[in-house]
Amino acid sequence: MGQMVERVALRRGHLIAAIKDCAEPPLSVWLKDKPLPDVALEFTAPQAAFTNVVACLEAGIPVVCGTTGWYSQVQEAEQICRRLEGTLLVASNFSIGVNVLFEINRLLTSLMKKFPQYTPTLRETHHTAKKDMPSGTALSLAADIAEICGKKGYQLNQVSDPEKVPVFASRVPGEVGFHEVIWTSEMDQLIISHKAFSREAFAEGAVWAAEFIHGKKGLFTMRDVLGLKF
């Protein structure tokens, strides 16, 4: 994903100031002898995301983070961003289609909660190299359903708790990404879904996000970047 972000950024006329992987030294140390970039794009691993984001914020670098699987620490990172008066955008998915799906999911859930005979289920499929399960996109979809319907989070690959949204996840060779939200009653079924053909859409959106936050202060989402708040 990082390599694809680099290609898109270069294609859009940007310069790559530096590239850092997850190897030692820590990003906070590594940054000390580097010229500071206008924006950092963080696509690494769940165990590294929080410290990388904080290191960027402490260095005064606006940061776009697309790493998933570290969401228990996002609120703390946002608090640090506010304290330092920095700039941070965290997204579980950067594609236009998925972010439109998020909006449709919120609207649909608001409608469907009026009809208790329907129950929601999520399904997601990704490539076998994806490290987190369920995906960050599925977690975002489930979190919105849970919040609107008053449920208590999600459950993975089971339906044992009616107070939680079931999320069924699978890993298949060659699958870029597929998500669907299913509302089922005894009489019928309603489905919304998104299928990705290439990860380039994610990279393109991440670079758009970096362009958007340049020169700005505060916390942002892809809803801000794409103007989807309505």
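Regarding P162, is this residue more than 23 Å from C65 (Cβ to Cβ), free of Cβ contacts under 8 Å to residues at least 60 places away in the same chain and touching a helix residue (DSSP H, G or I) at 6+ places or on another chain (Cβ under 9 Å)?
Details: more than 23 Å from C65 (Cβ to Cβ): yes; free of Cβ contacts under 8 Å to residues at least 60 places away in the same chain: yes; touching a helix residue (DSSP H, G or I) at 6+ places or on another chain (Cβ under 9 Å): no.
It is false that P162 is more than 23 Å from C65 (Cβ to Cβ), free of Cβ contacts under 8 Å to residues at least 60 places away in the same chain and touching a helix residue (DSSP H, G or I) at 6+ places or on another chain (Cβ under 9 Å).
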_Subset of segment 185-215 [in contact with a strand residue (DSSP E or B) (Cβ under 6 Å, 6 or more places away or on another chain) and either free of Cβ contacts under 8 Å to residues at least 12 places away in the same chain or surrounded by fewer than 20 Cβ atoms within 10 Å (Cβ to Cβ) (or both)]_ = L190, I191, I192, S193, K195, A196
_If I go through segment 112-152 residue by residue, how many of them are touching a strand residue (DSSP E or B) at 6+ places or on another chain (Cβ under 8 Å), of a type outside the set (A, V, I, L, M, F, W, C) and surrounded by 15 or more Cβ atoms within 10 Å (Cβ to Cβ)?_
13
*Among the residues of segment 24-43, is any within 20 Å of the chain's Cα centre (by Cα) and surrounded by fewer than 17 Cβ atoms within 10 Å (Cβ to Cβ)?*
no
*Can you name the strands (runs of 3 or more DSSP E) wholly within segment 60-151 that have at least 3 residues being farther than 22 Å from G205 by Cα and at pLDDT 95 or above?*
119-126
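Quick check, is A169 assigned by TED's automatic domain parsing to the domain that holds Y71, of a type in the set (G, A, S) and in contact with a helix residue (DSSP H, G or I) (Cβ under 9 Å, 6 or more places away or on another chain)?
Working: assigned by TED's automatic domain parsing to the domain that holds Y71: no; of a type in the set (G, A, S): yes; in contact with a helix residue (DSSP H, G or I) (Cβ under 9 Å, 6 or more places away or on another chain): yes.
Judged against the criteria, A169 is not a match.
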*Please work out if H194 is closer than 30 Å to K216 by Cβ and in contact with a Gly (Cβ under 8 Å, 6 or more places away or on another chain).*
yes
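Residue check: is A40 in contact with a strand residue (DSSP E or B) (Cβ under 7 Å, 6 or more places away or on another chain) and of a type in the set (G, A, S)? Walk me through how you get there before you give the answer.
On the way: in contact with a strand residue (DSSP E or B) (Cβ under 7 Å, 6 or more places away or on another chain): yes; of a type in the set (G, A, S): yes.
Yes: the conditions hold for A40.
With the condition kept exactly as written, say whether any residue in segment 109-128 is more than 30 Å from D188 (Cβ to Cβ) and either without any contact (Cβ under 8 Å) to a residue 12 or more places away in the chain or not assigned by TED's automatic domain parsing to the domain that holds L57 (or both). Give the derivation first.
So in segment 109-128, the residues more than 30 Å from D188 (Cβ to Cβ) come out as 127-128.
Narrowing the set further to residues that are either without any contact (Cβ under 8 Å) to a residue 12 or more places away in the chain or not assigned by TED's automatic domain parsing to the domain that holds L57 (or both) leaves 127-128.
Yes.
The values are calculated or read from the model by the stated rules, or taken from the named source; none is laboratory data. Since this is a predicted model, take the numbers as computed values, not measurements. All Cβ positions, even for glycine, are placed from backbone atoms using ideal geometry, and neighbour counts span all protein chains on display.
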